[in-house]
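The values are calculated or read from the model by the stated rules, or taken from the named source; none is laboratory data. Computed from a prediction, not measured in an experiment: that's the story for all the values here. A quick note on method: Cβ atoms are made from the backbone with ideal geometry, for glycine too, and the neighbour counts reach across all protein chains shown. Surface accessibility is based on the protein's heavy atoms, side chains included, excluding ligands, DNA and RNA. Shrake-Rupley method; radii C 1.70, N 1.55, O 1.52, S 1.80 Å.
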Amino acid sequence: MDLPDYAIEAKALVKTYPASKTMPEMRALKGIDLAIPRGSIFGLLGPNGAGKSTFINILAGVCTKTSGTVKIWGRDIDERPRDARAAIGVVPQEIAADPFFTPRESLEVAAGMYAVPKSERRTMELLNALGLGDKAGAYVRQLSGGMKRRLMVAKAMVHNPPVLILDEPTAGVDVELRRQLWAYVLELNRKGVTIVLTTHYLEEAQELCDQIAIVNRGEVVACEPTETLLRRMDVRKVLVTPEEPVTEAPILPGFETALLKTGGFSVSYRTGQSSVEQVLAAIRAAGLHIKDISTEDPDLEDVFVSLTYAAPAVA
Ligand code: ADP
């Protein structure tokens, strides 16, 4: 069988949550196009409320889309829902482990739900791969939070899907465990599994993903190989404390400025276009004396600004 070029392909995908008594209608996805290449580690990056979970929930079949098309592993979710779902494993955000099952039983039950024949089950192989081999017979409630999370990954893999989706996998996970989890995810990817992960940490996406899509308010703001994207996100911020506090941000030609609560101001610049020296020169040229400066790495908000705002060319 020919393998699809894209593990997941969404076209003009819209999700509108209807109005409720307390909330107005919400357009969580405003017609997104996303093509996730087979074999990639793909990051879906965006702040809370961007629409990441909505997208994942549509893929997982727990949320119905309003319009648009979605194919998983080349299978349309409307035309071949069962085949499409069989191609993905989803590790949900929340740990939902049954306290009365052992890890071995948990995996057997999950495999049963996917109708995996007994002879094809890989229960112990999966538990060993995730460092849970010696806990196979323990009660789930006796496992640490980290172990439970690894069990969730194992459960998502019982039917050997070619695509694994991890929804905010490291929220509340300590550094050591994060490393272990990533090691296993990278191993799976080396074996050919396409990985999709959602995160609101730029650093995490940067470290792991070969492609990143940035979503904000239900729209895809950017979708590129990580390196290309990082080159475009070359915004840096200088925080300036002037000798005399200011009440409004100074106008500096070619730079974005903003007032800070402290009586200082910030100046944003692009590393590809200007240098800190040029920023300082512009401040001095505006007749301001500098008491102190510090720099700040860009956060997601700055990234959106840099991706959606074309800085004026500096002469
Ligand atoms: P993310 O996962 O990126 O944080 P979500 O997909 O959870 O974003 O949410 C996108 C938007 O849709 C948010 O404004 C959220 O409040 C809204 N939303 C999510 N789920 C529901 C729901 N079940 N009913 C109504 N609105 C929802």
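Tell me, which residue of the range 29-43 that is part of a strand (DSSP E or B) and either out of contact with any strand residue (DSSP E or B) (no Cβ under 9 Å at 6 or more places or on another chain) or open to solvent by 10 Å² or more (accessible area, probe 1.4 Å) (or both) is nearest to the ligand (Cβ to nearest atom)? Lay out the reasoning, then the answer.
Our first condition is that a residue be part of a strand (DSSP E or B); within the range 29-43, this holds for 29-37, 41-43.
From the residues that got through so far, the ones that are either out of contact with any strand residue (DSSP E or B) (no Cβ under 9 Å at 6 or more places or on another chain) or open to solvent by 10 Å² or more (accessible area, probe 1.4 Å) (or both) too are 30-31, 33, 35, 37.
Values: 30: 11, 31: 14, 33: 17, 35: 19, 37: 22 Å.
So the residue we want is 30.
For the range 199-208: of the residues being in a helix (DSSP H, G or I) and open to solvent by 40 Å² or more (accessible area, probe 1.4 Å), which is farthest from residue 160 (Cα to Cα)? Show your work before the answer.
First pass over the range 199-208, keeping only residues in a helix (DSSP H, G or I): 202-208.
Now narrow it down to the ones that are open to solvent by 40 Å² or more (accessible area, probe 1.4 Å): 203, 206-207.
Working: 203: 29, 206: 27, 207: 25 Å.
Among those that are in a helix (DSSP H, G or I) and open to solvent by 40 Å² or more (accessible area, probe 1.4 Å), it is 203.
I'd like to know if the range 274-297 contains one or more residues that are among the polar types (S, T, N, Q), in the same structural domain as residue 246 (by TED's automatic domain parsing) and part of a loop (DSSP other than H, G, I, E, B).
There is at least one residue in the range 274-297 that is among the polar types (S, T, N, Q), in the same structural domain as residue 246 (by TED's automatic domain parsing) and part of a loop (DSSP other than H, G, I, E, B).
Quickly run through the range 44-62 and pick out the residues that are more than 7 Å from the ligand (Cβ to nearest atom) and among the β-branched types (Val, Ile, Thr).
Once the filter is applied, which keeps residues that are more than 7 Å from the ligand (Cβ to nearest atom) and among the β-branched types (Val, Ile, Thr), the range 44-62 yields 56, 58, 62.
Using the structure shown, decide if residue 65 is more than 16 Å from the chain's Cα centre (by Cα), within 15 Å of the ligand (Cβ to nearest atom), surrounded by 20 or more Cβ atoms within 10 Å (Cβ to Cβ) and modelled with pLDDT of 95 or more. Write out each step before concluding.
Working: more than 16 Å from the chain's Cα centre (by Cα): yes; within 15 Å of the ligand (Cβ to nearest atom): yes; surrounded by 20 or more Cβ atoms within 10 Å (Cβ to Cβ): yes; modelled with pLDDT of 95 or more: yes.
Judged against the criteria, residue 65 is a match.
Based on this model, can you work out whether residue 196 counts as assigned to a strand (DSSP E or B), open to solvent by less than 30 Å² (accessible area, probe 1.4 Å), free of Cβ contacts under 8 Å to residues at least 40 places away in the same chain and not hydroxyl-bearing (Ser, Thr, Tyr)? Please lay out each step first, then the result.
Working: assigned to a strand (DSSP E or B): yes; open to solvent by less than 30 Å² (accessible area, probe 1.4 Å): yes; free of Cβ contacts under 8 Å to residues at least 40 places away in the same chain: no; not hydroxyl-bearing (Ser, Thr, Tyr): yes.
Answer is no for this residue.
Could you grab me the full set of residues in the range 255-265 that are of a type in the set (Ser, Thr, Tyr) and either surrounded by fewer than 18 Cβ atoms within 10 Å (Cβ to Cβ) or within 28 Å of the chain's Cα centre (by Cα) (or both)?
The first filter runs over the range 255-265 and keeps only residues of a type in the set (Ser, Thr, Tyr), leaving 257, 262.
Selection gives 262 alone.
Quick one: which residue in 48, 57 is in a helix (DSSP H, G or I) and open to solvent by 10 Å² or more (accessible area, probe 1.4 Å)? Spell out how you get there, then give the answer.
Details: 48 fails: in a helix (DSSP H, G or I).
Of the residues listed, the single one that is in a helix (DSSP H, G or I) and open to solvent by 10 Å² or more (accessible area, probe 1.4 Å) is 57.
Could you tell me whether any residue of the range 69-83 is open to solvent by less than 60 Å² (accessible area, probe 1.4 Å), touching a Lys or Arg at 6+ places or on another chain (Cβ under 6 Å), closer than 27 Å to residue 42 by Cβ and polar (S, T, N, Q)?
Step one: filter the range 69-83 for residues open to solvent by less than 60 Å² (accessible area, probe 1.4 Å), giving 70, 72-77, 81.
Next cut, touching a Lys or Arg at 6+ places or on another chain (Cβ under 6 Å) only: none.
Checking the range 69-83: not a single residue is open to solvent by less than 60 Å² (accessible area, probe 1.4 Å), touching a Lys or Arg at 6+ places or on another chain (Cβ under 6 Å), closer than 27 Å to residue 42 by Cβ and polar (S, T, N, Q).
Could you grab the pairs with beta carbons closer than 7 Å, sequence gap of 6+ or different chains, first residue in the range 13-31 and closer than 16 Å to residue 51 by Cα, second one near the ligand (Cβ under 8 Å from one of its atoms) and of a type in the set (Val, Ile, Thr)?
15/54; 28/54; 29/54
Given the conditions (1) among the charged types (D, E, K, R); (2) closer than 30 Å to residue 17 by Cα; (3) over 14 Å from the mean Cα position of the chain (by Cα), which single one is not true for residue 224?
The one condition residue 224 does not meet is (3).
Name the single residue, out of those in the range 10-28 being more than 30 Å from residue 223 (Cα to Cα), open to solvent by 90 Å² or more (accessible area, probe 1.4 Å) and of a type outside the set (A, V, I, L, M), that is farthest from the ligand (Cβ to nearest atom). Quick ask: steps written out before the conclusion?
Residues of the range 10-28 more than 30 Å from residue 223 (Cα to Cα): 19-23.
Within this subset, residues satisfying the condition of being open to solvent by 90 Å² or more (accessible area, probe 1.4 Å) are 21-23.
Among the residues that remain, those that are also of a type outside the set (A, V, I, L, M) are: 21-22.
Working: 21: 12, 22: 10 Å.
Result: 21.
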